[in-house]
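Since every read-out is calculated from the coordinates, none of them should be taken as a lab result. From a predicted model like this one, the values you see are computed outputs, not experimental measurements. Here Cβ is always computed from backbone atoms with ideal geometry, including for glycine, and neighbour counts include all displayed protein chains.
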Amino acid sequence: MSARTGPVRVLAIHAHPDDIELQCAGTLVLLKQLGCIISVATMTPGDCGSAELSADEIASVRRMEAERSAEMLGADYTCVEFRDLSITHDNDSRRRVTELIRRTRPDLVITAPPIDYMSDHEVTSRLVRDACFNASCPNYVTLQWDPAAPTSQIPHLYYVDAIQGIDYYGRPLATDFIVDISTTFEEKLKMLACHESQREWLRRQHGLDEYLDGCRRWSAARGLQIRVEYGEAFTQHRGHPYPHDNLLESLLGPKVVVAT
């Protein structure tokens, strides 16, 4: 990796509003405290996240909720404007996500896991992985009217936990390490609470009635693995030619603990 000057730039991108808060907001707060520049993005505006409001109406609500959460982190927010349950892995999609990488120019990217309970999460993971690679290729054009310049390097890439840390068959998924977020968990919970529209939706659609308490329980379960109060799990993408050194560990030091 080329020599870095200035603060580390971090992009957290997941499929829907509230995914980032559920899976990695505690770590983002830690990085912000270290002086990192944080950007957050969602692939969709959460337009299928209501049984009462129209797609456009709930999308407007959820964009505002995502913006309020990002403001608490001191981060900018971008919606890539795909639609719920319709994120596809094709050339147009790769170009759109590559343009986002080129515009934010991150040193470190956090995104959805390759295996999760729904397609939007998995396709997001694949698109972000491709975009991190494509962004530094000068001859890869994004077909935007005012395209950003290619990046100078491939960023460090990390995947968050799958929901409940399990695969399609309910089997635990391995993770590389867990970040101790005990000191930032309450900020994480406040960010998640910005997504007020989702409590009723999840109770109706998924049978979940403990939006914040469920987040607390899973964070506590990950924390227990490393003997702390709360944790968030990550896996680093180390395939060729992505960076192999653990930038998160370099930044967060003893708060990064190998999962057991």
With the 8 Å Cα cutoff and a minimum separation of six or more residues, the chain has a relative contact order in percent of 22
Amide H contacts under 5 Å for Phe177, restricted to residues at least 5 apart in sequence or on another chain and with H modeled in the peptide plane, are Phe234, Ala259
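Which residues make up the longest stretch of the chain clear of trypsin sites (Lys or Arg not before Pro) that lie in a DSSP loop with no more than 16 other Cβ atoms within 10 Å, not counting the sites?
84-226
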Hey, any idea what the orientation-averaged projected area of the convex hull of the chain's Cα atoms comes to, in nm²?
13.3
Length gained, Met118-Leu212, 0.36 nm per residue minus C-alpha separation, equals 31.8 nm
Report relative contact order for the range 97-179 in percent, whole number only (criteria: Cα-Cα under 8 Å, sequence separation at least 6).
39
What does the C-alpha gyration tensor say about the overall shape of the range 37-87? Classify as rounded when a/c is under 1.5, otherwise prolate if a/b is larger than b/c, or oblate.
oblate
How much length is gained if the chain between Asn91 and Lys190 is pulled fully straight, taking 0.36 nm per residue apart and subtracting their Cα-Cα distance, in nm to one decimal?
31.9 nm
Please identify the chymotrypsin sites (Phe, Trp or Tyr not before Pro) of the range 96-203 that satisfy two criteria: DSSP loop assignment and at most 11 other Cβ atoms within 10 Å. Which are they?
Trp145, Tyr168, Tyr169
Label point distance in nm, Ser54-Ser250, each placed 7 Å from Cα along Cα→Cβ:
5.0
